[in-house]
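Take a look at the structure set out below.
The values are calculated or read from the model by the stated rules, or taken from the named source; none is laboratory data. Since the model is a prediction, treat every value here as computed from it, not as a measurement. No Cβ is skipped: glycine too gets one built from the backbone with ideal geometry, and neighbour counts run over all protein chains shown. For the accessible areas, the whole protein counts, side chains as well, though only heavy atoms, and no ligand, DNA or RNA atoms are used. Shrake-Rupley method; radii C 1.70, N 1.55, O 1.52, S 1.80 Å.
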Amino acid sequence: MQLSADNIPVLWHDDDLGKLGLTGRRIDEFSFTELCAMEGGSWFAPEWTGEPLISLADFMREFAPHTRLLIEIKQRDDESPARRQLKARLSLALIQAYRGGSLGIEILSFDLPTLIYLHSLDPYQAYILNSEDIATAAAVRDVFTQQPFLAGLCVAIEHLHREVAAAVRAAGKRLAVYT
């Protein structure tokens, strides 16, 4: 999840819009109206040609009542702290609006300060830390000792092994993996 230039939360994974032929350009350089005019699906598969980018609000309205969701908040190093917090607050507000009617919504981010900030706003929301660095059982224990509010951990697949999984289970937390 990222913010458009006019502060609309938009689903987009990558740092730039290279998949749309706009290498080096970012979501936050365009208004939501401009983003909606972009064709967002053909990079994925020909049958998705013509699909526009989607707002987090539209996504939540369509899918939150029907399935569990894991919403990742993307933060860039070059964003101001104020912009990072705005993105987090706007995302949380939309998630809160659908949380009661959902089968479950979890928020994840590689940016631990974002998760700590969100937890200060809503301690009842489930937060998952994405990590490229946690690769040992000791590191798992350390992160949950230091940040007990975390509901789980999402690790790189190359760091997934029995000891890491056992440490997450022993902490009573959830484990996810990314590739």
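Condition check: open to solvent by 60 Å² or more (accessible area, probe 1.4 Å) and under 23 Å from TYR178 (Cα atoms). Does ASP16 satisfy that? No, not satisfied.
Within the group PHE63, PHE44, PHE30, which residue is open to solvent by 20 Å² or more (accessible area, probe 1.4 Å), closer than 19 Å to LEU108 by Cα and of a type in the set (A, V, I, L, M, F, W, C)?
Only one candidate qualifies: PHE63.
Does at least one position in segment 152-166 carry a residue that is under 27 Å from ALA57 (Cα atoms), open to solvent by less than 30 Å² (accessible area, probe 1.4 Å) and outside any strand (DSSP E or B)? Spell out how you get there, then give the answer.
Filtering segment 152-166 down to residues under 27 Å from ALA57 (Cα atoms) leaves 152-154.
After this cut, where a residue has to be open to solvent by less than 30 Å² (accessible area, probe 1.4 Å) as well, the list is 152-154.
Now restrict to residues that are outside any strand (DSSP E or B): none.
Taking every residue of segment 152-166 in turn, none turns out to be under 27 Å from ALA57 (Cα atoms), open to solvent by less than 30 Å² (accessible area, probe 1.4 Å) and outside any strand (DSSP E or B).
Name the residue that is surrounded by the fewest Cβ atoms within 10 Å (Cβ to Cβ), counting only residues in segment 111-141 that are part of a helix (DSSP H, G or I) and among the polar types (S, T, N, Q). Before you say what the answer is, go through the steps one by one.
The first filter runs over segment 111-141 and keeps only residues part of a helix (DSSP H, G or I), leaving 112-121, 137-141.
Those still in the list that are among the polar types (S, T, N, Q) too: 114, 120.
Details: THR114: 22, SER120: 9.
Looking at residues that are part of a helix (DSSP H, G or I) and among the polar types (S, T, N, Q), I get SER120.
Checking each residue in segment 57-87 for being outside any loop (DSSP other than H, G, I, E, B), touching a helix residue (DSSP H, G or I) at 6+ places or on another chain (Cβ under 9 Å) and more than 22 Å from ALA176 (Cβ to Cβ) picks out ALA57, ARG61, PRO81, ARG83, ARG84, GLN85. Of all the criteria given as (1) open to solvent by less than 10 Å² (accessible area, probe 1.4 Å); (2) touching a Lys or Arg at 6+ places or on another chain (Cβ under 6 Å); (3) of a type in the set (Gly, Ala, Ser), the one not satisfied by GLY104 is (1).
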